[in-house]
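**Student:** Questions regarding the structure given below will be posed in turn.
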Amino acid sequence: MSAIGTQKPPVDIIEDKEEFVIFVDLPGVEPEEIDIKGYDNYLEITGFRKPVCGRNFLLMERLSGKFKRKIVFKTAVDLSRASATLKNGVLTIKKFLNLQGKLCLPQQLL
């Protein structure tokens, strides 16, 4: 995919009895460039990775520009208990399940 347009960063999702853990590879992205929102039954991660300019590249494979990732769940997203961290280029989102089986997330993370 070219650096023009919206990119789709790679994601790993783990599910266990108490929570979902989502890992998103976002190397070179600062926390203020990431927006995480929850909707009825999905989570949307959007942002921007600044391109490296002023260099003479022989090869450029790392993507830059806008990115967006939508993760759909079987149950409604309730944004009240979640955490998000960005460390070493990996965004980690932990979402806890409540007793009714609804996902619990804050309105906005980061």
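The values are calculated or read from the model by the stated rules, or taken from the named source; none is laboratory data. Worth saying up front: this structure is predicted, and the values here are computed from it rather than measured. Cβ atoms come from the backbone with ideal geometry, glycine included; neighbour counts cover every protein chain shown.
**Student:** Which pairs do you get when a residue that is closer than 30 Å to Thr75 by Cα, found in the stretch 40-63, comes within reach of a residue that is small (Gly, Ala, Ser) and assigned to a strand (DSSP E or B), reach meaning Cβ atoms under 7 angstrom, with the pair 6+ apart or on two chains?
**Tutor:** Hits for this filter: Phe48/Gly65.
**Student:** State all residues of the stretch 59-68 that are over 19 Å from Ile13 (Cα atoms) and in contact with a strand residue (DSSP E or B) (Cβ under 9 Å, 6 or more places away or on another chain); if no residue qualifies, say none. Quick ask: steps written out before the conclusion?
**Tutor:** Here is the first cut: in the stretch 59-68, the residues over 19 Å from Ile13 (Cα atoms) are 59-66.
Hits for the stretch 59-68 are Arg62, Leu63, Ser64, Gly65, Lys66.
**Student:** I need the full set of residues from the stretch 42-52 which are aliphatic (A, V, I, L, M), closer than 15 Å to Gly89 by Cβ and either at pLDDT 85 or above or buried (at least 16 other Cβ atoms within 10 Å of the Cβ) (or both), in order please. Outline the logic, then answer.
**Tutor:** Within the stretch 42-52, the subset aliphatic (A, V, I, L, M) is 43, 45, 52.
Adding the requirement that they be closer than 15 Å to Gly89 by Cβ leaves 45, 52.
The one that is aliphatic (A, V, I, L, M), closer than 15 Å to Gly89 by Cβ and either at pLDDT 85 or above or buried (at least 16 other Cβ atoms within 10 Å of the Cβ) (or both): Ile45.
**Student:** On the basis of being within 19 Å of Lys94 (Cα to Cα), at pLDDT 85 or above, under 13 Å from the mean Cα position of the chain (by Cα) and surrounded by fewer than 17 Cβ atoms within 10 Å (Cβ to Cβ), does Val11 make the cut? Talk me through it step by step, then tell me what you get.
**Tutor:** Values: within 19 Å of Lys94 (Cα to Cα): yes; at pLDDT 85 or above: yes; under 13 Å from the mean Cα position of the chain (by Cα): yes; surrounded by fewer than 17 Cβ atoms within 10 Å (Cβ to Cβ): yes.
Yes, satisfied.
**Student:** Here's another thing I want to ask about it. Just checking, how many residues over the stretch 24-34 are in a loop (DSSP other than H, G, I, E, B) and either under 9 Å from the mean Cα position of the chain (by Cα) or β-branched (Val, Ile, Thr) (or both)?
**Tutor:** Of the stretch 24-34, the ones in a loop (DSSP other than H, G, I, E, B) are 26-30.
Of the ones still in play, those that are also either under 9 Å from the mean Cα position of the chain (by Cα) or β-branched (Val, Ile, Thr) (or both) are 26, 29.
Total satisfying the criteria: 2.
For every residue, the table says whether it meets (1) at pLDDT 75 or above; (2) farther than 18 Å from Pro9 by Cβ; (3) in a strand (DSSP E or B); (4) not polar (S, T, N, Q).
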{"residue": "Ile36", "(1), (2), (3), (4)": "yes, no, yes, yes"}
{"residue": "Asp40", "(1), (2), (3), (4)": "no, yes, no, yes"}
{"residue": "Gly54", "(1), (2), (3), (4)": "yes, yes, no, yes"}
{"residue": "Phe57", "(1), (2), (3), (4)": "yes, yes, no, yes"}
{"residue": "Lys70", "(1), (2), (3), (4)": "yes, no, yes, yes"}
{"residue": "Thr75", "(1), (2), (3), (4)": "no, yes, no, no"}
{"residue": "Thr92", "(1), (2), (3), (4)": "yes, no, yes, no"}
{"residue": "Gln100", "(1), (2), (3), (4)": "no, yes, no, no"}
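**Student:** Does any residue in the stretch 27-39 that is free of Cβ contacts under 8 Å to residues at least 24 places away in the same chain come within less than 6 Å, Cβ to Cβ, of a residue that is assigned to a helix (DSSP H, G or I) and hydroxyl-bearing (Ser, Thr, Tyr) six or more places away or on a different chain, and which pairs are these?
**Tutor:** So the pair list comes out empty.
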